[in-house]
Structures are given as C-alpha cells and as structure tokens.
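The values are calculated or read from the model by the stated rules, or taken from the named source; none is laboratory data. Just so we're clear, the structure is a prediction, and the values are computed from it rather than from any experiment. Counting neighbours? That spans all protein chains shown, and the Cβs are built from the backbone with ideal geometry, glycine included. What goes into the accessible areas is simple: the full protein's heavy atoms, side chains included, and nothing from ligands, DNA or RNA. Shrake-Rupley method; radii C 1.70, N 1.55, O 1.52, S 1.80 Å.
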Amino acid sequence: QVQLVESGGGLVQPGGSLRLSCAASINRFSIYNMGWYRQAPGKQRELVATITSGSNTNYADSVKGRFSISRDNAKNTVYLQMNSLKLDDTAVYYCNAQWLRYNYWGQGTQVTVSS
C-alpha cells in the first residue's frame with residue numbers, strides 16, 4: 001500500500017523559513033515524478049513545485065526564487081525548502097507522486113505564516 005507522509009509544517013513569521021519533507025513508502029520511488037501542491041481556505045488546490053524522475057524542476061510563479069524542491073531517492077523522500085515566506089503561503093501542503101496512470105496524495109501538512 002502506497003503511503004506519502006508529509007512533515008515539517010508549522011507556524012512561522014513572515015520572512016521565515018520551513019522545510020517540508022515527504023516520506024514515500026512506494027516501490028521504485030525514483031521513477032515517480034514528485035510534487036508539492038497547496039490549498040488555502042476557500043481556494044482550489046494549486047501546484048507549488050514539481051521534480052521529475054530525472055530531477056528536472058518546475059515552480060509556480062508565486063514561489064520562484066523562494067522555494068526549492070529536491071529529492072533523495074536513497075531515502076524515498078522529497079523536500080520543499082521554503083524561504084522568505086509570505087502571508088499568502090499559508091495553506092495545507094500536499095505531497096504528490098505520479099507515474100503513468102498512478103497518482104498518489106499525502107494527507108497534507110499545515111503551513112501558517114503569521115505575525
């Protein structure tokens with residue numbers, strides 16, 4: 001059974017940093033494209049960043065230059081380093097794993113940016 005478990009969320013002041021982790025219990029993790037998405041209250045879930053099996057990355061315009069996605073295939077883990085956090089970054093952050101028709105989601109971790 002595939003499980004994606006996010007961690008690292010919390011409360012941070014504007015301008016602060018957080019590092020999210022997503023530990024995946026999944027066979028052949030390295031072939032999956034991994035991503036982070038977020039959903040703020042009253043809004044649709046949106047893409048934050050993705051990293052392919054070949055480690056090519058893509059970012060939403062709103063986080064470019066502030067967030068960085070990476071993966072460690074030896075640990076079956078994907079990370080999201082978030083710097084210079086803004087109030088608008090407040091959301092539940094979800095980890096996603098995708099390969100062909102297979103698409104899995106974690107339960108999410110809350111990130112709250114507040115002064």
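Across the range 83-115, the qualifying residues are those that are open to solvent by 80 Å² or more (accessible area, probe 1.4 Å) and more than 21 Å from residue 5 (Cβ to Cβ), and the one among them that is farthest from the chain's Cα centre (by Cα) is 115. Out of curiosity, is residue 32 within 17 Å of residue 108 (Cβ to Cβ) and modelled with pLDDT of 95 or more? So residue 32 does not fit the description; no. For the range 1-21, enumerate the residues that are closer than 16 Å to residue 104 by Cα, open to solvent by less than 30 Å² (accessible area, probe 1.4 Å) and aliphatic (A, V, I, L, M). Of everything in the range 1-21, just one residue is closer than 16 Å to residue 104 by Cα, open to solvent by less than 30 Å² (accessible area, probe 1.4 Å) and aliphatic (A, V, I, L, M), namely 4. Within the range 7-20, the set of residues being under 16 Å from the mean Cα position of the chain (by Cα) and part of a loop (DSSP other than H, G, I, E, B) comprises 8, 9, 17.
Looking for something at positive phi and more than 12 Å from the chain's Cα centre (by Cα) - is there at least one such residue anywhere in the range 21-35? Yes: the range 21-35 contains one or more residues that are at positive phi and more than 12 Å from the chain's Cα centre (by Cα). Taking the range 26-82 as the region of interest, the strands (runs of 3 or more DSSP E) fully inside it that hold 3 or more residues being open to solvent by less than 60 Å² (accessible area, probe 1.4 Å) are 33-39, 46-51, 67-72, 77-82.
Residue 104 passes every criterion in (1) closer than 15 Å to residue 23 by Cβ; (2) in a loop (DSSP other than H, G, I, E, B) apart from (2).
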